[in-house]
Each structure stands twice: as C-alpha cells, then as structure tokens.
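The values are calculated or read from the model by the stated rules, or taken from the named source; none is laboratory data. Bear in mind that the values here come from a model prediction, so they are computed numbers and not experimental data. Ideal geometry is used to build each Cβ from the backbone, glycine not excepted, and the neighbour counts take in all protein chains shown.
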Amino acid sequence: MEKTVTWGLCLQRDDKGEFFTLANRHFDKIDHYLGYLPSRFIEFFLENAGGRSVDILDLGAGVNLVSAKEICKKYGRKVRVTTIDFVVNKAIRPASVDRLQADAAHISLRDNVFEFIYAFQLLSYIQEDKQLEVIREMVRVLKSGGVALLDDSLPFETINHQLFESFGPVAYCIPREGNKSEPGQVVFGGPSITTMIIKEPVDQRMYGIRERIIGHI
Ligand SMILES: C[S@@+](CC[C@H](N)C(=O)[O-])C[C@H]1O[C@@H](n2cnc3c(N)ncnc32)[C@H](O)[C@@H]1O
C-alpha cells in the first residue's frame, strides 16, 4: 500500500489525503446495529442453500477480522466468509476466512459471488465521489437474489439511477423507512441507519425478513 501514517486508531494515506479509522467490532454488535438483519439473512440463505455453502463478504472488515471469524464460528462450514480491507494485520491468519487486501472500489473478484455482503462503518470513511464506485462493486460481486447491508444513509435517487445505468433494472438501494412511527408498526431496518441493496430476482419471502415491528426489536 502507498505511504501511510498511523496514530492511535487512525490512519492516513499520505499521498491521497485519505483518513480512516481502524476498528474491530464484534459480529453481535454489528448485527444489533443493523436490526438483526445480518443474522436473519444469513440464516435465510442457509435454509435455502440446498446443502451448498453460503458466501458472505465483510467489506471494510477491520484489521483483525473479528466479526468475520465470529460468523465462521457461529455458522460453521456452511458459510464461506471473505474479507476485504485496505489494511491487513499479518499476525492474524484465520484458516476459516479468505482475506483480500484491496480497495473496496476495485474488487479483484468475478461478478456474482456472494449471497450476503455487509459493510459496517465503511462508506462514511470514503470520500463521497468514491462511494458510488464502492456501491457499484458491491452490486457487481453480489449474486442474483443476494442482499447487501450498510449502516449509511445514501442519496437513493442518484444511486438508483447510476445502478440502473450500470446494471439495468436488477439492483436497488432501499432506504430505512424510519423509526418515527407508532409502536406496533412494521418498518424496514434496524434501530440505526440501515440501507439494503437487493439484486433481482428477489425471493419474496425476504420481504418478511427486512421488516420489523417497532417495540419488538
Ligand atoms: C471504522 S473501520 C470499520 C471496521 C469494521 N467493519 C468494524 O465495524 O469494526 C473502517 C475500515 O474500513 C477500511 N477501509 C476504509 N476505506 C477503505 C477502502 N476504500 N477499501 C477497503 N477498506 C477500506 C479501513 O481500513 C478500516 O479497517
């Protein structure tokens, strides 16, 4: 990687003037912040995999691969987890995780690989003009019928227009519908900001998963 400077948990790519924070959240924290949608989607894909393994991508995984390792431990050999991050801690070598050191805007993988992708606390660390490239890459490597989740609020109209230009009418970015409704109402997403990207053909049963009843979760 290019010239970098680190201090505390922050890192700067000197040549590009980019700053980002290193963090290593646990999967249960990420799952909680995203309204338990990650575990519910992983379980949905496992139930419908017909014995095949489910491919998961943790994008901007964090240097110690904490969440990715925990997913492998929780779901066993039926999941294959890949991580992508700019920064890699070479002392961590988990046998269960496929690790790629890469820029999320240029993923060196073929199209249609993953049933489920999550990017937690990634996009907010990426310059606005590059965020769309990251979304496009997420959609490209997402399998048809797959789901991606982010904890960011995005300019949906622009992004959906760009996704249409790149992929045709197959991929959509769905915003969180908000938490301001009355208790007992059904809304999409978790208690925090959540954005879901889906790639057609979507299994209609997934619509039940993305909803939650306020006051229950
Ligand atoms: C705040 S941390 C979040 C880490 C982890 N997802 C978590 O929630 O604990 C942001 C991570 O994104 C990575 N990152 C930032 N920009 C990136 C890019 N363009 N491509 C790949 N990784 C990037 C950083 O190296 C850092 O590990």
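Results, tabulated for the structure shown:
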item: The range 3-58 - residue that is part of a loop (DSSP other than H, G, I, E, B), within 12 Å of the ligand (Cβ to nearest atom) and out of contact with any Leu (no Cβ under 6 Å at 6 or more places or on another chain) and, of those, modelled with the highest pLDDT; result: HIS26
item: Total residues in the range 111-150, condition more than 19 Å from PHE86 (Cα to Cα) and of a type in the set (Asp, Glu); result: 2
item: Restricting the range 104-123 to residues that are surrounded by 17 or more Cβ atoms within 10 Å (Cβ to Cβ) and of a type outside the set (A, V, I, L, M, F, W, C), the residue that is nearest to the ligand (Cβ to nearest atom); result: GLN121
item: Residues (within 17 Å of the chain's Cα centre (by Cα), at pLDDT 95 or above and farther than 18 Å from TYR33 by Cβ) located in the range 66-88; result: LYS69, CYS72, VAL79, ARG80, VAL81, THR82, THR83, ILE84
item: Residue in the range 60-82 that is at negative phi, more than 16 Å from the ligand (Cβ to nearest atom) and not in a helix (DSSP H, G or I) present; result: yes
item: Residues that are out of contact with any Lys or Arg (no Cβ under 8 Å at 6 or more places or on another chain), more than 9 Å from the ligand (Cβ to nearest atom) and more than 21 Å from VAL147 (Cα to Cα), drawn from the range 86-103; result: ASN89, LYS90, ALA91, ILE92, ARG93, ALA95
